[in-house]
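The values are calculated or read from the model by the stated rules, or taken from the named source; none is laboratory data. Bear in mind that the values here come from a model prediction, so they are computed numbers and not experimental data. So basically every Cβ, Gly included, is an ideal-geometry build from the backbone, and we count neighbours across all protein chains shown.
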Amino acid sequence: MGLLMAGSLVIPPASSPADSGTDRRRPRPPAGRIEERFVYSQVHMGMQVRLVLFAAGEAAARRAAGAAFAEIARLDGIFSDYRHDSELTRLAERSGGAPVPVSPELFAVLERAQDLWSRTGGAFDATAGPLTFLWRLAIREQRPPAAEELLRAAALTGGERLILHPEGRAVELTTAGMRLDLGGIAKGYILDRSLQTLRRHGVSRALIEAGGDIVAGAAPSARDGWRIAISGACEISLAEAAVSTSGDRFQHVVIDGRRYSHTVDPRTGMGLTTRRTATVVASDGLTADGLATALTVLDAAAGRELLAAFPGVRAWVRVAEGGKKNGSPPAGGNGSRHLATAPALPIASSCAELAGPQR
């Protein structure tokens with residue numbers, strides 16, 4: 001069986017010697033119950049989604065995997081900004097009007113997105129849909145957005161235009177023509193919910209991967225975690241946690257010799273040119289996904305300040321050769337790659353810190 005890829009993440013197959021160790025997070029299956037390893041893959045959210053799970057037989061595995069994929073499809077119908085019939089798109093169509101009641105799932109992700117908008121000074125912004133739409137066209141058509149297009153899009157962007165009404169679980173978009181984009185955070189939440197679905201079907205030892213995001217349940221029996229290689233630089237052991245990598249490796253455009261990322265800095269309206277890649281390990285996919293996106297936009301100092309609000313989160317940020325660096329390199333780093341951590345962890349300058357014990 002070949003390797004499972006997740007962007008720059010690689011999951012060794014079951015026979016890999018990297019999977020050795022003792023499971024300290026879950027007891028072994030009861031005597032007489034033999035769990036087998038199963039791998040399933042379907043296309044959702046415009047990408048391959050892979051499930052690796054251990055179950056007591058193929059029938060149980062198929063039921064659990066089917067339910068997990070169904071949950072992913074259901075949530076994609078809420079969060080997709082590509083689909084005209086998604087709840088997110090229908091909400092944007094009512095921008096400029098009265099508050100709109102929304103599903104618990106959409107409200108929960110928008111709450112976290114707004115929290116990140118506030119903490120990052122607008123570097124993470126769910127209302128940046130008009131800008132990301134322009135840069136998707138730029139990548140497809142190999143041309144930069146026109147200045148007047150960027151100005152019009154910027155006039156529809158800004159977290160202050162998105163007002164949450166918790167008492168009625170409603171969302172108000174104050175300016176007509178707004179578009180929302182939750183591509184930098186919703187995938188992690190969707191994988192979290194998919195893992196919860198597997199657990200409800202009796203599967204606790206599972207891993208779900210989509211794009212640059214991985215969410216892991218309990219470790220395989222007799223192992224300390226799922227072994228995951230990060231960018232060919234190190235391996236981490238992951239159990240009951242998530243890891244997300246964000247960067248421009250696969251989605252970018254080169255115009256007049258300058259490389260622009262598909263990720264937009266909402267504060268400037270421009271596709272990123274810094275060539276930052278961020279990998280975040282957190283207790284859940286929602287946190288890991290959102291922080292990884294934000295850290296590709298923020299400079300080193302602002303990234304450290306953000307992570308200070310998330311104890312136990314570990315993050316490795318690196319800048320590719322030719323990337324335009326913003327801010328000063330972190331203490332102990334060389335300016336080209338660094339690990340930013342919450343104060344509880346020492347600052348390091350390599351991927352290896354991600355392999356530390358989970359907290």
For the range 120-148, which residues satisfy the criterion of being part of a helix (DSSP H, G or I) and out of contact with any helix residue (DSSP H, G or I) (no Cβ under 6 Å at 6 or more places or on another chain)?
129, 132, 133, 135, 136, 137, 138, 139, 140, 141, 147, 148
Would the range 109-122 turn up any residue that is surrounded by fewer than 20 Cβ atoms within 10 Å (Cβ to Cβ), farther than 24 Å from residue 301 by Cβ, assigned by TED's automatic domain parsing to the domain that holds residue 162 and without any contact (Cβ under 8 Å) to a residue 60 or more places away in the chain?
yes
Hits in the range 44-64 - residues which are of a type outside the set (Phe, Trp, Tyr), under 16 Å from residue 199 (Cα atoms) and either touching a residue at least 60 places away in the same chain (Cβ under 8 Å) or outside any helix (DSSP H, G or I) (or both):
51, 52, 53, 55, 56, 57, 60, 61, 63, 64
Which numbered condition in (1) surrounded by 22 or more Cβ atoms within 10 Å (Cβ to Cβ); (2) of a type in the set (Lys, Arg); (3) assigned by TED's automatic domain parsing to the domain that holds residue 135 is the only one that residue 161 fails?
(1)
All conditions in (1) within 24 Å of the chain's Cα centre (by Cα); (2) acidic (Asp, Glu); (3) under 18 Å from residue 259 (Cα atoms) are true of residue 141 except (1)
Selection count where residues are surrounded by fewer than 20 Cβ atoms within 10 Å (Cβ to Cβ) and under 20 Å from residue 169 (Cα atoms), scope the range 55-75:
1
In the set 156, 151, 195, the lone residue that is of a type outside the set (S, T, N, Q), part of a loop (DSSP other than H, G, I, E, B) and over 22 Å from residue 277 (Cα atoms) is 156
